[in-house]
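Structure first, commentary second.
The values are calculated or read from the model by the stated rules, or taken from the named source; none is laboratory data. It should be emphasised that the depicted structure is a prediction, and the values quoted were computed from it without experimental measurement. Note that we place each Cβ from the backbone using ideal geometry, even for glycine, and neighbour counts take in every protein chain shown. Side chains included, ligands, DNA and RNA excluded: accessible areas come from the protein's heavy atoms. Shrake-Rupley method; radii C 1.70, N 1.55, O 1.52, S 1.80 Å.
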Amino acid sequence: MRNNDMRPQLRFPGFADAWVEKKLGDLGKIVTGSTPPTSNKEYYSDNGIPWVTPTDISSETISDTPRKLSDKGACVAHIVAANTILCTCIASIGKNALLTVEGSFNQQINGLTPYENNNAYFLLTESNFWSNKMKQTSAAGMIQIVNKTEFSELTTMTPSYEEQSLIGTFFSSLDRLIALNKHKLSAMKEYKKSMLQRMFPRTGSYVPELRFPGFSDAWVERRLGNYASYRRGAFPQPYGSDKWYGGKNAMPFIQVADVNDNMKLANTPKLFISQIAQSMSVLVPKNSVIVTLQGSIGRVAVTQYESYLDRTILYFEKYSEKTDIHFWSYVIKQKFEKEAQTAPGGIIKTITKEALSNFTLNIPSYEEQSLIGSFFSNLDRLISLQAQKLTQMELYKKALLQRMFC
């Protein structure tokens, strides 16, 4: 974080000199990208050099792109050397990456190829601060834009090459670790998606592809209206009124936004309803399956505490047979996600009570339900822990950026 004598709060041992303010144009060669005419197919090739657009920037480094330039395309484009920092400067300002190979990019991007006395990864990491400046500079216009001249004139603080190199290496390792954990989280989610497809019967079938040992009976089709009883929440009015919200003995009031993708409610709801409002609403016990009926249809969770529900959320009260709650939550989620695609309504879709009653679901024995429910519940717990780990790492990086840069 910048201070009066231009020294960061946290430094590697052996460095004490003040950082120096420089223009970006003094740190490297700056080039604005271009787009060879897409009508000329000879300019593009499956085996050419990478050609980057803002949509291709999704990680700290880029070495390949879906679209590439042929030798002919390279002759009419702006080609830069490896280790060029790419900064989006039109519309989507703030998407930056390090091009690790020789390549090119379109006109929405400015590229800075560092001179020999500057470390590329240090400058990439510091580009987060450049982007903040660019957003402030271009905020007045309808379309955010920072041209090459303006980009070159931006100032930033830099230390010696030796200190740059240590900082660059540190953040390169940290970014690589974050990327690995992102990949792990993505792989876990894909694994869950695959297992949901394999461990539940496909449309038209009553037997799943993958089962626990000892189970072979076909699942039984049940009509939801006969299998479970359910109720919608209430809608105490108006929001913000002391009469309806807060006060002594207030209870959690769950809205659609409190129902996340991890099959559990957010730990801290945004609203708590008063005792007066509670008398007009429905108390939902802990370990109840709830599902959103309007707008974001099909968000499902198992309640972690006693609570009251918004009228756009339904909860299941009773079942005609012994039912594993966690298994039931996955059955409901899959069914509602499918039905939401054809639900009536315009921008805000909704599922009617009549339609809900006629839903058909495939149900196995309680013993098989329990095993499936436990499997996915444990998997969701692992996914949640991985997501928390990734969030902590990203917050750690954010804190270090504030302390290790002027």
For the stretch 392-402, in residue order, the Karplus 3J(HN,Hα) values (coefficients 6.51, -1.76, 1.60; θ = phi - 60°; whole Hz; Gly and Pro = x) are 5, 5, 5, 5, 4, 4, 4, 5, 5, 4, 5
In degrees, nearest 10, the alpha-carbon axis of helix 161-199 is tilted away from the dominant principal axis of the alpha carbons of the chain by 30
In nm, the gap between the two label points placed 7 Å beyond Cα toward Cβ at Q275 and Q9 is 4.5
Regression test value, accessible area per residue of the stretch 1-156, probe 1.4 Å, units Å², expected 51
Ordering 393-403, 107-117 by per-residue average of other C-beta atoms within 10 angstrom, highest first, gives 107-117, 393-403
Quick calc, the chain, dipole around Cα centre from Cβ unit charges on Lys, Arg (+) and Asp, Glu (-), nearest 20 debye, gives 1060
Computed for the stretch 105-235: size of charge dipole around the Cα centre, +1 on C-beta of each Lys and Arg, -1 on C-beta of each Asp and Glu, debye to nearest 20, value 1240
Taking Cα pairs closer than 8 Å and at least 6 residues apart, the relative contact order of the chain in percent is 16
Tilt, helix 325-340 to longest principal axis of the chain (alpha-carbon atoms), in degrees rounded to tens, equals 70
Given unit charges at Cβ for Lys, Arg (+) and Asp, Glu (-), the dipole magnitude of the stretch 281-406 about its Cα centre in debye, nearest 20, is 600
Taking N as the number of residues in the stretch 269-322, the ratio of its alpha carbon radius of gyration to 2.2 N^0.38 Å works out to 1.19
Between the modelled labels at F170 and S374 (7 Å from Cα along Cα→Cβ) the distance in nm is 4.7
Note on the stretch 83-197: alpha-carbon gyration tensor, axes a ≥ b ≥ c; rule is a/c under 1.5 for rounded, else prolate if a/b larger than b/c, else oblate; result oblate
If one compares the long axis through the Cα atoms of helix 120-138 with the longest principal axis of the Cα atoms of the chain, the angle in degrees, nearest 10, works out at 80
Per the 1/(1 + (r/R0)^6) rule, R0 = 56 Å and r from the Cβ atoms of K248 and A91, FRET efficiency to 0.05 is 0.65
A chain fully extended from E337 to L385 at 0.36 nm per residue, minus the present Cα-Cα distance, gains in nm 14.8 nm
Rounded to whole angstrom, the alpha-carbon centroid of the stretch 163-212 lies from that of the stretch 72-114 at a distance of 29
Of the candidates A120, Y315, A179, the farthest towards the positive dipole end of the chain (Lys/Arg Cβ +1, Asp/Glu Cβ -1, centred on the Cα centre) is Y315
Whole-percent tail of the Cα-Cα distance distribution for the stretch 26-145, cut at 22 Å, equals 31
Of the listed links K22/K398; K270/K398; K95/K335; K286/K389; K184/K270, those spanning more than 29 angstrom between alpha carbons are K95/K335; K184/K270
Of 172-180, 39-47, ordering from highest average Cβ density within 10 Å down gives 172-180, 39-47
Given a Förster distance of 45 Å, the FRET efficiency implied by the Cβ-Cβ spacing of N117 and L180, rounded to the nearest 0.05, works out to 0.90
